[in-house]
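A.B. asks: Supplied in C-alpha cells, the structure appears directly below.
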Amino acid sequence: MSGREIIEHSRLIPKWELRLKRQARFHNAHSSTSIEGNRLTLQQVEALAENKQIAASSKDKQEVLNYLEALDNIPKYAARKSIDVKLLLSIHKVITKATLKSSKDCGAFRDRQVFVGRRVFYGTQLKEVIEYMPPDTKDVPQLVKEFLGWLNSKKTKDINPVILSGIAHYEIARIHPFIDGNGRTARLLATLILYKSGFDYRRFFALDDFYDENRPAYYETLKYVQKDKGDLTRWLEYFTEGVLYSVNKVKEVVTKIGLVPKPDNALQLELTQRQIKILEQIREKGKVVNKDLRAMLEISRQAVLKEMSKLIEMELVELVGKGRDAHYRIKE
C-alpha cells in the first residue's frame, strides 16, 4: 500500500483529523510566504491564526492572514466548474490584499514590465542582477487565457494530477501575470488542483515545506526550464519529489496514530485516549502483552481485557497465541 493510500484509508478520530489539517494549514501558510521573504516564524503563524498578538510588521502579518484565508477558500474554489481567469484573479486578490503599494494591482494583471532578480555586491555598491525576464506585459492576458483554456480542456483529463499541478505551478511562475504575489498564487493554484482532483481531499499535505527548506534549489530548478529550452522534465521531477516528501511526512504521523483499514471498510472510528495509547504502543513495539498494558495504563488486568476486547471487536488488533505466549498485535 502506497503512502497516499495509507493516508486516504486511515481511520482517525475527529480530533486527530482536525490536528493534521491545522498543522498542514499553518505549515503551508508559513512556508509559502517565507519563500518570498516573510519573516514570521511557524510559531508566530500559529499564534496569528489563533488571533493572538505577535511582534511583527503589519505587512508580514497581513501576508500570512491572506494566505490562510486563501487556503480556507480552497473547497469554495474547487466547487467552481473550471479554473478560469476570474477565479485566478480572485485568488490573487485574496493573497495580496492590503499588502501592495497600490490596491489596483490586487486581483489584476500587471500593467507594467517586471523582472525577477537579486542584489549582489559589485565593487562597493549593490547591483540588481536580472535572473528572469517574464513575457511582455501586453501578452499576459492572452498567455493566461491560453494556459487556462488548456488546463480546463479534455487534453488534461488523463494527466496525473501531480504532474498537472506541477505544470500549473510552473506556468504561472513563467508568465508572471502579476506585479507581486506570483509565487504564492502559483503554489495556491497547485494545491487547489491537487484538492480538486481528489489527491489531497483530506488536506493533510504541507507541500510548500519542501521548497522552503531549500529555496535556492527551488528557484534554480524553476530557472533551469529556461536554460533547457522549455523542457519541464527537471522541474516536474523536482516538484513530484516535493509532493512525495509531503506524503511521507504525513504517512509517518498517520502510521503512528492511525490505522489502515481494508479499502472496502474505510470507516471512521471513535477511539478513546486510552485506546489510542494502546494502539501507539503496539505500533511502536510490534506486539504487547497484558502485563505491558497494565503497567503503562496503570489499570487492572480485567480493565485491559475489556479495552482489548473492544479493539478486537473493531478488527483493529488481534490476540495471538495462548497462555504465557499470548500477545496482541495490529490486525493485518
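The values are calculated or read from the model by the stated rules, or taken from the named source; none is laboratory data. Note that the coordinates shown come from a computational prediction; the quantities given were computed from them, not determined experimentally. Note: ideal-geometry Cβ built from the backbone for every residue, glycine included; neighbour counts use all protein chains shown.
A.B. asks: Is there a residue being surrounded by fewer than 16 Cβ atoms within 10 Å (Cβ to Cβ), in a helix (DSSP H, G or I) and free of Cβ contacts under 8 Å to residues at least 40 places away in the same chain anywhere in the range 97-111?
C.D. replies: Scanning the range 97-111 turns up at least one residue that is surrounded by fewer than 16 Cβ atoms within 10 Å (Cβ to Cβ), in a helix (DSSP H, G or I) and free of Cβ contacts under 8 Å to residues at least 40 places away in the same chain.
A.B. asks: Here's a check for you: in the range 242-255, which residue that is of a type outside the set (A, V, I, L, M) and within 17 Å of I193 (Cα to Cα) is farthest from the chain's Cα centre (by Cα)?
C.D. replies: Keep residues of the range 242-255 that are of a type outside the set (A, V, I, L, M), which gives 242, 245-246, 248-249, 251-252, 255.
Restricting the remaining residues to those that are within 17 Å of I193 (Cα to Cα) gives 242, 246.
Details: G242: 10, S246: 7 Å.
Result: G242.
A.B. asks: Tell me which residues, restricted to the range 285-332, are of a type in the set (G, A, S) and either surrounded by 14 or more Cβ atoms within 10 Å (Cβ to Cβ) or within 35 Å of the chain's Cα centre (by Cα) (or both).
C.D. replies: The answer is G286, A303.
A.B. asks: Any residue at all in the range 131-139 that is outside any loop (DSSP other than H, G, I, E, B), in contact (Cβ under 8 Å) with a residue 12 or more places away in the chain and of a type in the set (D, E, K, R)?
C.D. replies: The answer is yes; a qualifying residue exists.
A.B. asks: Sticking with this structure for a sec: For a quick check of your reading of the model, give me the residue pairs whose first member lies in the range 145-170 and is in contact (Cβ under 8 Å) with a residue 60 or more places away in the chain, whose second is crowded, with 17+ Cβ neighbours inside 10 Å and acidic (D, E), with beta-carbon atoms closer than 9 Å and at least 6 apart or on different chains.
C.D. replies: Close Cβ pairs (under 9 Å, with a partner that is crowded, with 17+ Cβ neighbours inside 10 Å and acidic (D, E)) amount to L151/E171.
A.B. asks: Which of (1) over 20 Å from the mean Cα position of the chain (by Cα); (2) surrounded by 23 or more Cβ atoms within 10 Å (Cβ to Cβ); (3) among the basic types (K, R) is the odd one out, the single condition R174 does not satisfy?
C.D. replies: (2)
Residue by residue, here is whether (1) in the same structural domain as K97 (by TED's automatic domain parsing); (2) surrounded by fewer than 20 Cβ atoms within 10 Å (Cβ to Cβ) holds:
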{"position": "T124", "(1), (2)": "no, yes"}
{"position": "Q142", "(1), (2)": "yes, yes"}
{"position": "G149", "(1), (2)": "yes, yes"}
{"position": "N160", "(1), (2)": "yes, yes"}
{"position": "A168", "(1), (2)": "yes, no"}
{"position": "R187", "(1), (2)": "yes, no"}
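A.B. asks: If V320 meets every condition in (1) under 23 Å from V254 (Cα atoms); (2) free of Cβ contacts under 8 Å to residues at least 60 places away in the same chain; (3) among the β-branched types (V, I, T) apart from one, which number is that one?
C.D. replies: V320 satisfies every listed condition except (1).
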